[in-house]
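Reviewing the structure listed below.
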Amino acid sequence: MKHRSFINEAKTTKIQNLICILIGISIFCFIVIKSTIASLTHDESITYLHFVPQKFMDIISYKIAYTNNHILNTVLIKGSEYLFGNSEIAIRLPNNLSYLVYMIYTFLLLRKMNPRIIIFPFTLMILNPYLIDFFGLARGYGLSIGFLMMSLYHLIRYFKTNLKRDLIFFNFGAFLAIFSSFILVCYYISALIIFNLIIPLQKVSYSRVSFRWFFKQNKINGISVLIISLATFEPFRRTFKWLSLDFGGKKGFIPDTLHSLVVQSYFGISTFWESVLVGFVCSVILILFLYIFYKAITDKLTVLSEIKPVVVVNLLTILIIVFINLAHYIIGVDFPIQRFALFLYPLIILNITLLYCMKIQKMKYIIVGLIIGLTILTGVNFSLKLNMSYYRDWAYDCDTKTAMRTLVNDYKQKPDGKVTVSLGVSWYFEPTANYYRERWHLYWLDTINREAPDLNDNYIYVFKSEYQPSYLAEEQVIFTSYFADALLVRRSTCFFK
């Protein structure tokens, strides 16, 4: 009977693994297809037009200090453009590939925790429409989350294998994550603290723990810290000197960071259910922490070395929260919200997963029910929010590509010999319009600026709320974006006598 049970369990595990792989590959195909056909967005276009053309050293030294310049993202776009051109998919390719890094390391990490329930947490980790958006965008957020999972996996694995290569990959993943998004420095510092808390617990004799021993254990970490410090010194200096870091929240971690993360991940649900999910997340993190604290007291810390994934993930989450609060109250950095807080999402799901894996008997079935319920909610939410035309944070750019194509087709109908024309736009559309001007070699179109449209513009593309018909020129709406609520208008001045 035991042998048959073992075979059935192994078969179930294989089926779950196969389903996870199929889900992961399907999402990757979706990301790539959407990256190919969806219009480039405002922030992507700024990166491509203003930072990618810079020299390599100017990019990594943050010569032009601007938060839009996610260093690793900019460097990888530069390489991708050199190899594959400047199409939408070429510009977004590095982030598309970072999804594979995220998917693979998520799968490996969950399988290490508890292979019997992998399908539920894997679905939660993958089917977040807001998260998936950033693996299809040429921004640093998808890259940072992919490399965060890589780093975290090798950190946890190191405690079991004690192999130097795992420690090297932990530091390397953190290095790449920080250069993708500077906020990940709080992850790296937290991870190093946890490393030095857990390592002594693996020693049989505490008499062997000394400063020299700590130095030996941290040799690779020390080299990595030195390299990262030297590499990020100038970008960080320029950031704090020239940039204002006040584009987040000011109320607190829960009302700003956590609430915005829930709202963006499950947008469309009622305020009541938003509050329920926020409360659930806080409860999970707190229960796990209290469980660790209880075990540390009753088992004299020794048990903590046996539940390292729980200790690492939970304490890592708490330390990051602490650092976010310290950054706000000491140096005035706003609480991260929306996409700036997105790196916390996989850590939250891992906390939920580990709460079940701890097998706290009185809560076991409650946790299982909550995980299944949350998985169903996530799946339904993802299917309802699935689209191929826009990315949530830049939804207004959903039809900019179509508007520019309409303008091109309209211009081609003009009589031969006509001079260049100008396009006036709402400033939101300026970067993407200029990207397509360059992408399609529209040299008959003047470079678009951010100034409000005027009578000298032959075409205008603005939000309906901004459109003011001119009485001095005949105008005709040639394209309407119903989703962005914008109009492309041709003026009679476009046809020269």
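The values are calculated or read from the model by the stated rules, or taken from the named source; none is laboratory data. Remember, predicted model here, so these are calculated numbers, not experimental data. Ideal geometry is used to build each Cβ from the backbone, glycine not excepted, and the neighbour counts take in all protein chains shown.
Data for the structure
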quantity: Test: residue in segment 152-168 that is modelled with pLDDT of 95 or more, within 28 Å of Tyr48 (Cα to Cα) and out of contact with any Lys or Arg (no Cβ under 6 Å at 6 or more places or on another chain); calculated: no
quantity: Any hit, segment 317-333, residues being touching a strand residue (DSSP E or B) at 6+ places or on another chain (Cβ under 7 Å) and in the same structural domain as Met103 (by TED's automatic domain parsing); calculated: yes
quantity: Filtered residues of segment 224-265 (kept if of a type in the set (D, E, K, R) and either surrounded by fewer than 17 Cβ atoms within 10 Å (Cβ to Cβ) or closer than 27 Å to Phe172 by Cα (or both)); calculated: Glu234, Arg237, Arg238, Lys241, Asp246, Lys250, Lys251
quantity: Any hit, segment 341-351, residues being part of a helix (DSSP H, G or I) and at pLDDT below 90; calculated: no
quantity: Residue among Phe169, Phe135 that alone is in the same structural domain as Ser98 (by TED's automatic domain parsing) and assigned to a helix (DSSP H, G or I); calculated: Phe169
quantity: One residue from Leu93, Leu22, Leu100, Leu72 being surrounded by fewer than 17 Cβ atoms within 10 Å (Cβ to Cβ) and touching a helix residue (DSSP H, G or I) at 6+ places or on another chain (Cβ under 8 Å); calculated: Leu100
quantity: Every residue from segment 246-283 that is part of a loop (DSSP other than H, G, I, E, B) and either under 23 Å from Tyr141 (Cβ atoms) or in contact (Cβ under 8 Å) with a residue 40 or more places away in the chain (or both); calculated: Asp246, Phe247, Gly248, Lys250, Lys251, Gly252, Tyr266, Phe267, Gly268, Ile269
quantity: Within segment 61-72, tally of residues that are in a helix (DSSP H, G or I) and without any contact (Cβ under 8 Å) to a residue 60 or more places away in the chain; calculated: 0
quantity: Residue in segment 153-160 that is crowded, with 24+ Cβ neighbours inside 10 Å and closer than 18 Å to Val32 by Cβ present; calculated: no
quantity: Positions within segment 138-163 being assigned to a helix (DSSP H, G or I) and closer than 28 Å to Glu88 by Cα, in sequence order; calculated: Gly140, Tyr141, Gly142, Leu143, Ser144, Ile145, Gly146, Phe147, Leu148, Met149, Met150
quantity: Conditions (1) in the same structural domain as Leu487 (by TED's automatic domain parsing); (2) out of contact with any Pro (no Cβ under 6 Å at 6 or more places or on another chain); (3) closer than 19 Å to Ala486 by Cα; number of the one not met by Gly424; calculated: (2)
quantity: Any hit, segment 37-51, residues being under 27 Å from Leu124 (Cα atoms), surrounded by fewer than 16 Cβ atoms within 10 Å (Cβ to Cβ) and not small (Gly, Ala, Ser); calculated: yes
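Yes/no matrix, rows are residues, columns are (1) at pLDDT 95 or above; (2) outside any helix (DSSP H, G or I); (3) of a type in the set (S, T, N, Q):
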| residue | (1), (2), (3) |
| --- | --- |
| Ile59 | no, no, no |
| Thr74 | yes, no, yes |
| Lys78 | yes, no, no |
| Pro94 | yes, no, no |
| Leu100 | yes, no, no |
| Leu110 | no, no, no |
